[in-house]
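**Q** One structure follows; several queries about it will come next.
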Amino acid sequence: MTGSLLVSKRAVAAAFAVNGVLMASLVSRVPALRDRLDLDNGALGLLLLAIAAGSVLSLPTAGRLVAWSSAATVVRIAAVFTALGLLTCAVGAFTAGSVPAAAAGLFLYGVGNGIWDVAMNVEGAEVERLLGRTIMPRFHAGWSFGNIGGAAVGVAMSAWGAPVQAHLGAVALLALAAALLAVREFLPVKAAPEHDRAPARSAWTERRTLAIGLMVLTFAVAEGSATDWLALAVIDGYDAPDWVGVSGYALFVTAMTTGRLLGPAALDRFGRRPVLWASAGAVAAGTLLTVVGGSPVVAAVGILIWGIGAALGFPVGMSAAADDPARAGARVSVVATIGYAAFLTGPPLLGALGDAVGTLESLLAVTVLMGPAAAAVLAAGEPRSQAVSRP
């Protein structure tokens, strides 16, 4: 490993962590946002939809932006958007008391977060390719650690009663500075060969890219369903106290983060397909145990298996989409868009299913989704050159 490549690896890890800090910082002040604007839960949900709208609208163009400029340039632009969005939301809501101003800030944040996500995954995949070993899941684990750190600071700021403008303003400016410093160490931009500059067909028409998107979608539902419904499912399904439900979600996050830290060794030893098939099987078995286990203890074992199984699908999907560096931006953009669509649509669909069959029982939908996930894994195999040279 050359020194410059190691520095680039650290820079990408920093970009992931800073993005996680920003997300957790915003989420930690959502209760204060609801109280300041005097919103009920339904109105708050509509306001937060501005983040999703910004991300979904920006994701399809993010790949083109990376191709036209560079991942470093796109992260710089994204960092400005996210910082400006946080500041606008904080000032608009807590100084002006304006719902439209808060929505505008959240929309700007969503735009920045969407293009940031694609750019850092493209850069991470290129670093991974040059290293010749799997590291993408560890970048995503870095995002989780940043998320945990941002949440911890947010809890402290809330308990202290710190003004939201000061908290989010400081986080926005520090994160902007950290991102701008990190991208200085991204890989040098290489000019594309002349034959790669010809117009190419849309990545949305490529079967392999769409199949990888389907795989990422199923694993995104496996992750997102736990984020949104696991605590409530344990509380409702097992008649457990609130702390038990929250502990179940904490166990899931811990298991998933551990899986992302340890998963690269398995991926390098056995290859993508066997590990992803095992991951899909673990999610299916884990969710089944969680639902039909009969006791919180058995459910806890199921949650642990579920979290480990859900760890690798999304990051490995990003790597697979970026196997060809020449079209990495466009393909990662497509796969990320499909994945985020799952994060947006999965929770309300599971909520509607939960109203019909029960919150806990609705999680069996995740078990069923692992069938299509296992089929889609076929598209995520290593490129032939990697498969042949892998020890």
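**Q** Taking the criterion of being within 26 Å of residue 116 (Cα to Cα) and either assigned to a helix (DSSP H, G or I) or at pLDDT 85 or above (or both), would at least one residue in the range 189-201 satisfy it?
**A** Yes - at least one qualifying residue is present in the range 189-201.
**Q** Being under 29 Å from residue 125 (Cβ atoms) and either among the polar types (S, T, N, Q) or open to solvent by 10 Å² or more (accessible area, probe 1.4 Å) (or both) is true for just one of 265, 320, 285. Which residue is that?
**A** 265
**Q** Now for a different question. State whether one or more residues within the range 249-256 are open to solvent by less than 30 Å² (accessible area, probe 1.4 Å), of a type in the set (Phe, Trp, Tyr) and under 30 Å from residue 355 (Cα atoms).
**A** Yes, there is a match, as at least one residue in the range 249-256 is open to solvent by less than 30 Å² (accessible area, probe 1.4 Å), of a type in the set (Phe, Trp, Tyr) and under 30 Å from residue 355 (Cα atoms).
For every residue, the table says whether it meets (1) closer than 16 Å to residue 361 by Cβ; (2) of a type in the set (Asp, Glu); (3) outside any helix (DSSP H, G or I).
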| position | (1), (2), (3) |
| --- | --- |
| 204 | no, no, no |
| 211 | no, no, no |
| 219 | no, no, no |
| 228 | yes, yes, no |
| 245 | yes, no, no |
| 251 | no, no, no |
| 255 | no, no, no |
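**Q** In this structure, does residue 145 turn out to be among the hydrophobic types (A, V, I, L, M, F, W, C), crowded, with 19+ Cβ neighbours inside 10 Å and in contact (Cβ under 8 Å) with a residue 60 or more places away in the chain?
**A** So residue 145 does not fit the description; no.
**Q** Then there is this: Which one of the conditions (1) over 17 Å from the mean Cα position of the chain (by Cα); (2) surrounded by fewer than 21 Cβ atoms within 10 Å (Cβ to Cβ); (3) in a helix (DSSP H, G or I) does residue 96 fail to meet, given that it meets all the rest?
**A** Among (1) over 17 Å from the mean Cα position of the chain (by Cα); (2) surrounded by fewer than 21 Cβ atoms within 10 Å (Cβ to Cβ); (3) in a helix (DSSP H, G or I), residue 96 violates only (3).
**Q** Exactly one of (1) closer than 22 Å to residue 146 by Cα; (2) of a type outside the set (Phe, Trp, Tyr); (3) buried (at least 16 other Cβ atoms within 10 Å of the Cβ) is unmet by residue 70. Its number?
**A** Among (1) closer than 22 Å to residue 146 by Cα; (2) of a type outside the set (Phe, Trp, Tyr); (3) buried (at least 16 other Cβ atoms within 10 Å of the Cβ), the lone unmet condition for residue 70 is (1).
**Q** Is it the case that some residue within the range 287-300 is under 19 Å from the mean Cα position of the chain (by Cα) and of a type outside the set (A, V, I, L, M)?
**A** No - not one qualifying residue is present in the range 287-300.
**Q** Let me ask another. Considering only the range 1-88, give the helices (runs of 4 or more DSSP H) lying wholly within it that have at least 1 residues that are acidic (Asp, Glu) and over 22 Å from the mean Cα position of the chain (by Cα).
**A** Of the helices (runs of 4 or more DSSP H) lying wholly inside the range 1-88, those with at least 1 residues that are acidic (Asp, Glu) and over 22 Å from the mean Cα position of the chain (by Cα) span 30-37.
**Q** To continue, here is another question. Surrounded by fewer than 19 Cβ atoms within 10 Å (Cβ to Cβ), of a type in the set (A, V, I, L, M) and within 13 Å of the chain's Cα centre (by Cα): is that true of residue 341 in this structure?
**A** yes
**Q** Next question, about the same structure. Given the criterion under 20 Å from residue 182 (Cα atoms) and either touching a helix residue (DSSP H, G or I) at 6+ places or on another chain (Cβ under 8 Å) or part of a helix (DSSP H, G or I) (or both), identify the matching residue among 127, 91.
**A** 127
**Q** Just to check your reading of the model, which residue among 227, 134 is open to solvent by 40 Å² or more (accessible area, probe 1.4 Å), under 30 Å from residue 262 (Cβ atoms) and of a type in the set (Val, Ile, Thr)?
**A** The unique qualifying residue is 227.
The values are calculated or read from the model by the stated rules, or taken from the named source; none is laboratory data. Bear in mind that the values here come from a model prediction, so they are computed numbers and not experimental data. Glycine gets a Cβ as well: all are built from the backbone with ideal geometry, and neighbour counts include every protein chain shown. The area values use the complete protein model at the heavy-atom level, side chains included, leaving out ligands, DNA and RNA. Shrake-Rupley method; radii C 1.70, N 1.55, O 1.52, S 1.80 Å.
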